[in-house]
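**Q** Sharing a structure here in C-alpha cells format.
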Amino acid sequence: MDAAVARAMARWPNVPDVFGWLSLDRRGQWRLQGGTIGNEALREFISRNYFAVGDGRYAFQNGPQRVFVELAYTPWIIALDGACQLRLHTGAPVVGLDTAWIDEHGALLLGFESGVGLVDDRDLAALVACFITAAGSVLDDEAQAHAIEALLSGAEATVTLLLDGKRLAVSRVNSGELKTRFAFDPRPLAPASADAVTSASSSMPGA
C-alpha cells in the first residue's frame, strides 16, 4: 500500500466505504461502473492499493476511502508478461504456485500463495506446450484435446501442467464452487446499518 494512502487512512479514519463502483473483469482490467479505465497512472494506483480485506471481500484503498471491488470471477487474474513469466493483474509475480484446474467452461485456474487466479484467456495459446503427461512427455494436439475433453466431461484425466519448473496435476473444478472453496465474496454489499456510499469520491486521481 502506498505510504500516502496509509497516512490518509490514519488522518481520516471514518470516511464511508464505497460499493458498486469498481470491478475487476476476467482479463484483469479495472472497470469504473462498467467502463474501462484509460488512465494508466490510475490503473497502477488501484493495483498497488488492492488487497484482501480479510473477510472474503477485496477492496481498493483510495486514500482514506475503502472501495469494495466486484469480481467477474476470481480475486486474481494471471497473465504472462513480456518475459513469459506469470504475473498477477496487479503486476506482482505469482508466488507459491501449487495447483491447476479447468472449469466446466474450459477456463484455466491456478492456485498459489494468495488464493486462486484465472488465467487470462489471451495467454492460453502460449501455455499449450506446457501441458504434459504424468510421465513428462509433451502432449500432441490430439492427446491434449482428448485429455481436456475428458476433464470437462467429469472423467479422470492424466494431464499435468509444467509451469515455473513445477508439475501441477490438472483437475476439474466447477466455477460455482470457487467462492466457497476459497472464501471470497465476488459481490460485496454494504451492510444495512453501514454508513456507505455507492459512488466514488471526487478526489479519485484521474477520475
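**Q** In the range 94-125, which residues are more than 12 Å from residue 73 (Cβ to Cβ) and either exposed (fewer than 12 other Cβ atoms within 10 Å of the Cβ) or in contact with a Gly (Cβ under 6 Å, 6 or more places away or on another chain) (or both)?
**A** Hits for the range 94-125 are 95, 96, 98, 99, 110, 112, 113, 122, 125.
**Q** A follow-up question, please. Tell me which residues, restricted to the range 40-55, are surrounded by fewer than 15 Cβ atoms within 10 Å (Cβ to Cβ) and touching a residue at least 60 places away in the same chain (Cβ under 8 Å).
**A** The answer is 41, 55.
**Q** Regarding the range 166-181, can at least one residue be identified that is without any contact (Cβ under 8 Å) to a residue 40 or more places away in the chain, farther than 30 Å from residue 52 by Cβ and either surrounded by 13 or more Cβ atoms within 10 Å (Cβ to Cβ) or not assigned by TED's automatic domain parsing to the domain that holds residue 57 (or both)?
**A** No, the range 166-181 contains no residue that is without any contact (Cβ under 8 Å) to a residue 40 or more places away in the chain, farther than 30 Å from residue 52 by Cβ and either surrounded by 13 or more Cβ atoms within 10 Å (Cβ to Cβ) or not assigned by TED's automatic domain parsing to the domain that holds residue 57 (or both).
**Q** Looking at 62, 49, which is the one that is polar (S, T, N, Q) and touching a Phe, Trp or Tyr at 6+ places or on another chain (Cβ under 7 Å)? Full working, then the answer.
**A** Details: 62 fails: touching a Phe, Trp or Tyr at 6+ places or on another chain (Cβ under 7 Å).
49 is the lone residue from the list that is polar (S, T, N, Q) and touching a Phe, Trp or Tyr at 6+ places or on another chain (Cβ under 7 Å).
**Q** Residues being of a type outside the set (Asp, Glu) and in a helix (DSSP H, G or I): count how many of those fall in the range 105-128.
**A** Taking the range 105-128 as the starting set, the residues that turn out to be of a type outside the set (Asp, Glu) are 105-112, 114-119, 122, 124-128.
Subset that is in a helix (DSSP H, G or I): 122, 125-128.
The qualifying residues number 5.
**Q** Please verify whether residue 147 is in the same structural domain as residue 98 (by TED's automatic domain parsing), over 25 Å from residue 52 (Cα atoms) and surrounded by 14 or more Cβ atoms within 10 Å (Cβ to Cβ), treating the condition exactly as stated.
**A** Details: in the same structural domain as residue 98 (by TED's automatic domain parsing): yes; over 25 Å from residue 52 (Cα atoms): yes; surrounded by 14 or more Cβ atoms within 10 Å (Cβ to Cβ): yes.
Yes, satisfied.
**Q** Taking interchain pairs and intrachain pairs at least six residues apart, which have beta carbon atoms under 6 angstrom, with the first residue in the range 56-67 and more than 11 Å from residue 46 (Cα to Cα) and the second among the aromatic types (Phe, Trp, Tyr) and in a strand (DSSP E or B)?
**A** 57/68
**Q** Please go through the range 129-144 and pick out each residue that is assigned to a loop (DSSP other than H, G, I, E, B) and of a type in the set (Asp, Glu). Reasoning before the result, please.
**A** Going through the range 129-144, the residues assigned to a loop (DSSP other than H, G, I, E, B) turn out to be 133-137, 139-140.
Across the range 129-144, the qualifying residue is only 140.
**Q** Can you name the strands (runs of 3 or more DSSP E) wholly within the range 37-104 that have at least 3 residues being farther than 15 Å from residue 163 by Cβ? Working first, answer last.
**A** On the way: elements: 50-52, 58-62, 65-71, 76-80, 86-88, 99-102.
So the answer is 50-52, 58-62, 65-71.
**Q** In the range 62-93, which residues are hydrophobic (A, V, I, L, M, F, W, C) and crowded, with 19+ Cβ neighbours inside 10 Å?
**A** Restricting attention to the range 62-93, the residues satisfying the condition of being hydrophobic (A, V, I, L, M, F, W, C) are 67-69, 71-72, 76-80, 83-84, 86, 88, 92.
67, 68, 69, 71, 76, 77, 78, 79, 86, 88 - these are the residues of the range 62-93 that are hydrophobic (A, V, I, L, M, F, W, C) and crowded, with 19+ Cβ neighbours inside 10 Å.
The values are calculated or read from the model by the stated rules, or taken from the named source; none is laboratory data. Treat the numbers as computed from the prediction; the structure is a model and nothing was measured. Positions of Cβ are generated from backbone atoms using ideal geometry, with glycine treated the same way; all protein chains shown enter the neighbour counts.
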